[in-house]
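Participant: The structure follows.
Each reported figure results from applying straightforward, stated rules to the coordinates on display, with no laboratory input. Quick caveat: nothing in here was measured; it's all calculated off a predicted structure. Virtual Cβ from ideal backbone geometry, glycine too; neighbours counted across all protein chains shown.
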Amino acid sequence: MRGMEGAHLEHIDYNGTKLEAHLVFTRELLAAGVRSVAKRIAAWHGGAAEPLEILSILNGARRFTGDLAQYLSVMGVKTNIHFVHISSTEGARATGAARLQGDFHPELLKGKRVLVADDIIDTGATLSLVKQMVAAAGAAEVKIAAVINKYADKSAMGDFVVHDLKFTHDQLKNADGKKIDYWLFGYGMDLGGKFRDLDHIAWAAVES
């Protein structure tokens, strides 16, 4: 992937909120990536007659999950989608503290093949919590699908990742050497509670 600093600069007008940000992944690039991931998931599922159980992390993974399920359906893979709320962010910074929110019945996953779908692998806290929950439910096998993996040290966590950025933590600095975060938003990911429904992914610099 090209460098984040070299990403195309665009002006976003979102329901009256104006923002200058860098375009990272276009709608077309995302669609191609999700289709490719769906093919790999279908191969893993192996034509099994029973549906693939998808555990979708809200709110970020809703769009990704919907697109993924559509592609899988075309490939002959039936899916059952379960939605859960996990909190691991606060404002525009990852806190690393994850907790389960809302109602979910883990017994539905017992003995099943489970795909956990999330928007971004950042601190890894969210997926660690979900994997513990799925394991405790007695799932036969669990794999992780995500739109973005952010850091190289978390690349092994995602089994099916649309785009792996493979950042190192020490490279996230501005021209003055101040530590920043490339905050990704769009296609399910938010910036300050907004921009989730953009059909592409952009980034804005946030001081960390």
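Participant: Peptides 136-149, 192-205: what's the order by average Cβ count within 10 Å, highest mean first? Mind showing how you got there, number by number?
Facilitator: Working: 136-149: 19.6, 192-205: 17.8.
Most protected by this proxy first, the peptides run 136-149, 192-205.
Participant: ³J(HN,Hα) across region 140-150 via Karplus (A = 6.51, B = -1.76, C = 1.60, θ = phi - 60°), whole Hz, x for Gly/Pro?
Facilitator: 6, 7, 9, 10, 10, 10, 8, 6, 10, 9, 8
Participant: Which of the peptides 150-163, 113-126 is most tightly packed, and how do the rest follow, going by the mean number of other Cβ atoms within 10 Å of each residue? Intermediate results must be reported in sequence, preceding the final value.
Facilitator: Details: 150-163: 18.1, 113-126: 23.7.
Answer by packing, highest mean first, reads 113-126, 150-163.
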